[in-house]
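Below is one structure, written out as structure tokens, with a few remarks after it.
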There are 2 protein chains.
Amino acid sequence: MPAVDVAGEFETIRRLFAPLAHPEWGRGLKDDVAVVPSKPGHDLVLTKDAIVEGVHFLPTDRLDTVAKKLLRVNLSDMAAKGAEAFGYLLACHWSERCGWPERMTFVDGLRVDQKAFGVALLGGDTVVTPGPASFSMTLLGWTPKGRTVARAGARVGDLVFVTGFIGDGWLGLQGAQDKLSLEPDRIAALVEQYRTPAPRVEFAPTIRDFASASIDVSDGLIADLGHMAEASGVRMEIDLELTPRSAAGQAWFDGRVDEQAALEKLVTGGDDYEIAFTARAADEAVLRREAEKRHLRLSRIGRVTAGQGVVARFAGQPVQIDRPGFTHG
Amino acid sequence: MPAVDVAGEFETIRRLFAPLAHPEWGRGLKDDVAVVPSKPGHDLVLTKDAIVEGVHFLPTDRLDTVAKKLLRVNLSDMAAKGAEAFGYLLACHWSERCGWPERMTFVDGLRVDQKAFGVALLGGDTVVTPGPASFSMTLLGWTPKGRTVARAGARVGDLVFVTGFIGDGWLGLQGAQDKLSLEPDRIAALVEQYRTPAPRVEFAPTIRDFASASIDVSDGLIADLGHMAEASGVRMEIDLELTPRSAAGQAWFDGRVDEQAALEKLVTGGDDYEIAFTARAADEAVLRREAEKRHLRLSRIGRVTAGQGVVARFAGQPVQIDRPGFTHG
């Protein structure tokens, strides 16, 4: 059914998106397809994430940060698999608030980030919706043949690691909704982390070389460890106190009375976009060196045992976590 | 921002989508990515289309036909490029009307069609939206290296062809909205064509071998010929009377007083999902044989000349068409 659109599909593609196109494989966005040559000795890796206004981003969020977040959550999936992204396809479901200025803002965000992360637009579709705006992206990457890291593969005796900090995404969402009582610059740092998380792309080669299993932390640390445990047929045991906190996260934590409840919030909140992975104990030293080279925090938070599920301990005692993570759909 | 969902993301993936997964490359939908081996001697072809409730399909449409239409419009893009599809990624933005029964209906449609068309699910995302439902798909296919047909490539002197019938999609939309006065079985045939168009996948190898340029007809025949003319740097001249009509389309046409106005409706309505292409005059006979072998109607509707744009003639006279096609966003 035709829809009249203030900006127009072709103008939107030609003026906004064509400048982002992959110079060779995107065909100037003037065709219905992208054509990517096969690359001998490699596997093509694909991932797709969708985000919806009012669900994954706030109606008040600027669209440049929305575009950046969309790209970054996909890059996070790719990095966690040890893969290196090269291009993406994009579907924009524009809402009524998305006139030319808003669409240009969206593209501004993409332009900055695709340069920063070395990817290019390959194609996609642009449509209008009478409802809230939503966007989806298919991201493509390569790994050397057979080297893509899976959720399955964790072995009993492996250690459990996580990059960066856990909980800032959830705290940032609280901050963006004015639910956080902290110093303004702490809140600003957390909100920025929520709006534009930092995918750990620089750690992808290390993950590929050393991780026995891995996942990006998007649903919540406990939930995502659960996915990895299930796929690997093992149990993950972690200590909540070892969960890494940023300076702002620590400032929030220091103001809590119930430490256990606070930790549970951080490990179930989601939107972290860190990499949780397992590796042999013998590789811990080299993993730490690789992380340090990249100025990346790396924390050992537990170990892999026989069994199933996730056991989280606080003060040495197993904790019952009712709702390990959130789902989006 | 977390959203509570009646069906749940993981249950939706595990129970509904996992059975559709590509046995080898889809990883059982238990990972964040699909991994597709590179295929030496071939190019990877990608296309992505999105559809929105109230824009591209009707709120009253059953979701199995919506799923089929989503797959088929993508298959149509792929076929028009001479490529053969093997897999897809899917983003479902479920609305409130999409409980388990509706989601299962959606998957039923996919299951039937992915078997019919020889493709398999590689991955994707499932989210909920407070607005109307929408869906997007990234379809992947192969062509022999360097053989993907482009919109560019039409040469002066080439003939212009189109497969199947033009106008049934638009007529079917009118029928679905009770705006059509015709015999009930005619209306039913048109509505079915609108809801589940037939992508011309069987003609893809012929397109690859003989078309100098091609495009799938989704915006409207005139508009899509215009895209091809622009990309090729030529003019397309067609005779409106040569536009192929189905039996139901002809029945509607026979009831019109103003033949020219009726033809203009058919060539601008869109949603046809036929292939419009150009080829050398010397290849017309073999093209006809290839089409006949597949019981596919093939119509020569015009020729390529020097210049730009599309010239449509009625009774030998050029016709001014104000609005050559519709856009969706």
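The values are calculated or read from the model by the stated rules, or taken from the named source; none is laboratory data. Predicted, not measured: the structure shown is a model, and the values here were computed from it. Note: ideal-geometry Cβ built from the backbone for every residue, glycine included; neighbour counts use all protein chains shown.
Filtering region A:27-46 to residues that are among the acidic types (Asp, Glu) and not in a loop (DSSP other than H, G, I, E, B) leaves only A:Asp43. Number of residues in region A:193-206 that are aliphatic (A, V, I, L, M) and surrounded by fewer than 24 Cβ atoms within 10 Å (Cβ to Cβ): the value is 2.
Residue-by-condition table, conditions (1) in contact with a helix residue (DSSP H, G or I) (Cβ under 9 Å, 6 or more places away or on another chain); (2) among the small types (Gly, Ala, Ser); (3) in contact (Cβ under 8 Å) with a residue 40 or more places away in the chain:
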site: B:Asp113; (1), (2), (3): yes, no, yes
site: B:Pro130; (1), (2), (3): no, no, no
site: B:Leu139; (1), (2), (3): yes, no, yes
site: B:Gly146; (1), (2), (3): no, yes, yes
site: B:Asp158; (1), (2), (3): yes, no, yes
site: B:Glu202; (1), (2), (3): yes, no, yes
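Filtered by the rule that a residue be charged (D, E, K, R), crowded, with 24+ Cβ neighbours inside 10 Å and closer than 22 Å to A:His93 by Cβ, region B:73-111 gives a lone residue, B:Asp77. When we screen B:Asp61, B:Asp32 for residues that are within 11 Å of chain A (Cβ to nearest Cβ) and either crowded, with 24+ Cβ neighbours inside 10 Å or free of Cβ contacts under 8 Å to residues at least 24 places away in the same chain (or both), the only hit is B:Asp32.
Does at least one position in region A:261-274 carry a residue that is hydroxyl-bearing (Ser, Thr, Tyr), in contact with a strand residue (DSSP E or B) (Cβ under 7 Å, 6 or more places away or on another chain) and away from chain B (no Cβ under 14 Å)? No; the residues of region A:261-274 include none that is hydroxyl-bearing (Ser, Thr, Tyr), in contact with a strand residue (DSSP E or B) (Cβ under 7 Å, 6 or more places away or on another chain) and away from chain B (no Cβ under 14 Å).
Reported count of residues in region A:127-147, each being within 20 Å of A:Val73 (Cα to Cα) and either at pLDDT below 90 or among the acidic types (Asp, Glu) (or both), is 0.
Given the criteria more than 14 Å from chain A (Cβ to nearest Cβ) and in contact with a Pro (Cβ under 9 Å, 6 or more places away or on another chain), does B:Asp185 qualify? No. Remark: A:Leu70 falls outside the filter, which requires a residue to be surrounded by 20 or more Cβ atoms within 10 Å (Cβ to Cβ), farther than 30 Å from B:Gly153 by Cα and within 7 Å of chain B (Cβ to nearest Cβ). Exactly one residue out of B:Arg297, B:Arg280, B:Arg256 is modelled with pLDDT of 95 or more, touching a Pro at 6+ places or on another chain (Cβ under 8 Å) and surrounded by fewer than 19 Cβ atoms within 10 Å (Cβ to Cβ), and it is B:Arg297. Going through region B:118-159 one residue at a time, which ones are part of a loop (DSSP other than H, G, I, E, B), β-branched (Val, Ile, Thr), within 22 Å of A:Asp31 (Cβ to Cβ) and within 7 Å of another protein chain (Cβ to nearest Cβ)? Of everything in region B:118-159, just one residue is part of a loop (DSSP other than H, G, I, E, B), β-branched (Val, Ile, Thr), within 22 Å of A:Asp31 (Cβ to Cβ) and within 7 Å of another protein chain (Cβ to nearest Cβ), namely B:Thr148. Read through the list (1) within 11 Å of chain B (Cβ to nearest Cβ); (2) free of Cβ contacts under 8 Å to residues at least 60 places away in the same chain, then give the number of the only condition that A:Thr47 fails. Going through the list (1) within 11 Å of chain B (Cβ to nearest Cβ); (2) free of Cβ contacts under 8 Å to residues at least 60 places away in the same chain, A:Thr47 breaks only (2). Per the listing B:Ala154, B:Ala188, B:Ala176, the residue uniquely touching a Leu at 6+ places or on another chain (Cβ under 7 Å) and either touching a residue at least 24 places away in the same chain (Cβ under 8 Å) or not assigned by TED's automatic domain parsing to the domain that holds B:Thr47 (or both) is B:Ala176.
Residue check: B:Arg27 meets all listed conditions (1) basic (Lys, Arg); (2) closer than 30 Å to B:Thr278 by Cα; (3) surrounded by 20 or more Cβ atoms within 10 Å (Cβ to Cβ) but one, namely (2). When restricted to residues that are touching an Asp or Glu at 6+ places or on another chain (Cβ under 7 Å) and farther than 17 Å from A:Thr12 by Cα, region A:80-120 contains 2.
Table: residues versus (1) of a type in the set (Ser, Thr, Tyr); (2) part of a loop (DSSP other than H, G, I, E, B).
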position	(1), (2)
B:Trp25	no, yes
B:Lys48	no, no
B:Thr65	yes, no
B:Met78	no, no
B:Leu90	no, no
B:Arg97	no, yes
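Annotation note: of A:Leu190, A:Leu139, A:Leu173, the sole residue that is of a type in the set (A, V, I, L, M) and surrounded by fewer than 24 Cβ atoms within 10 Å (Cβ to Cβ) is A:Leu173.
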